[in-house]
Amino acid sequence: MKEIIEVIARAIVDEPDVVSVTEVVGVHTSILELKVAKTDIGKVIGKQGRTAGALRTILSAVSAKERKHAVLEIVE
């Protein structure tokens, strides 16, 4: 799951070297924290949050296939 979000985020942003995804694993839920450069935050969120929503949809599909629950947080 972590790798998929990282690959997609690197393709979207202008500074792909700054992109990092950290995974915080809990008992029932995994939280993926996506960090990008401050200038690229708007690109990751998208107009009206559509890009972020699409990333979350992909993450939920992948996590459902693995029978886990995952949440995506975009961190500055």
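Some points to look at:
- Rounded to 5, the percent of DSSP beta bridges in the chain classed as antiparallel: 45
- Cα-only Debye scattering, the chain: base-10 log of I(q)/I(0) at q = 0.19 Å⁻¹: -0.72
- Charge sum, other residues only, whose C-beta stays under 12 Å from residue 46's C-beta, Lys/Arg counted +1 and Asp/Glu -1: +3
- Normalising the average separation of contacting C-alpha pairs (under 8 angstrom, six or more residues apart) by the number of residues puts the relative contact order of the chain at 32 percent.
- The order of 71, 7, 13 by accessible area, most exposed first and with a 1.4 Å probe, is 7, 71, 13.
- Electrostatic dipole magnitude of the chain [Cβ: Lys, Arg +1; Asp, Glu -1; Cα centre; debye, to 20]: 380
- In the chain, a dipole from Cβ-located charges (positive for Lys and Arg, negative for Asp and Glu) runs towards its positive end, and of 59, 44, 7 it is 59 whose Cα lies farthest in that direction.
The values are calculated or read from the model by the stated rules, or taken from the named source; none is laboratory data. Keep in mind that this is a model prediction, so the values were computed, not measured. Cβ atoms come from the backbone with ideal geometry, glycine included; neighbour counts cover every protein chain shown. For accessibility, only protein heavy atoms count, side chains too; no ligands or nucleic acids. Shrake-Rupley method; radii C 1.70, N 1.55, O 1.52, S 1.80 Å.
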